[in-house]
Every structure is written in C-alpha cells, then in structure tokens.
Amino acid sequence: MGKIIIKKGPGMTMEADRDQLVTVDQMPDGIIFKFKMGIDLMYTHLQMPLQTKQQIIAATQSFENAIAIEIDLHNYAKPVRAILN
C-alpha cells in the first residue's frame, strides 16, 4: 500500500506504512494522525488553514496506488505530495 511521510521543516520526518494509519482528523487548532497500536501524532498550530487540513485528510483517503504520500506541515500552500510510479 505504500508509505506515509510526515515532515515538519528540514530536520523532522516521520515515516510509516500507510496501512498503519487509521484516521486523520482536524481539530480547531491543528490536525491529528491516529495510527494502529495507540500511537497518535498531534500537530497543533492555531493559524493552520482549514483548506490545508482538508487537503491532508483528502490525500490520506485517496491515492491508493501511490508509492508514498508526503505531508509537509511546514508548507501550508502545498501541504501534500503524492509520489506515484
């Protein structure tokens, strides 16, 4: 199924198999990634645009054939990149 890569700036990267991701939900002050085995990654930022949150959620629910989905929490204008074959 591929990978999910979550980046925040040049020095912070988290990578997991996409089948380990259970849900991605928006919060009033950010976004939360829920993984299997009880691991939650919560990113809070009061000025995170609603459109950015929606793009991230939509990307994690689509692109089944992608090698990886890369989410850049540092780039609100272009937060998602699908890496295809």
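Just so you know, all these numbers are worked out from the coordinates, no wet-lab data involved. Given the structure is predicted, the values throughout are model-derived calculations rather than measurements. A quick note on method: Cβ atoms are made from the backbone with ideal geometry, for glycine too, and the neighbour counts reach across all protein chains shown.
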Check your understanding: Hey, LEU46 hits all of (1) without any contact (Cβ under 8 Å) to a residue 24 or more places away in the chain; (2) closer than 18 Å to MET14 by Cα; (3) of a type in the set (A, V, I, L, M, F, W, C) but one; which does it fall short on?
Key -> (2)
Exercise for review: Please tell me if ILE69 is touching a strand residue (DSSP E or B) at 6+ places or on another chain (Cβ under 7 Å), part of a helix (DSSP H, G or I), surrounded by 15 or more Cβ atoms within 10 Å (Cβ to Cβ) and aliphatic (A, V, I, L, M).
Suggested key: no
Review point. Looking at (1) out of contact with any helix residue (DSSP H, G or I) (no Cβ under 8 Å at 6 or more places or on another chain); (2) assigned to a strand (DSSP E or B); (3) not charged (D, E, K, R), which is the one condition that is false for ILE31?
Key: (1)
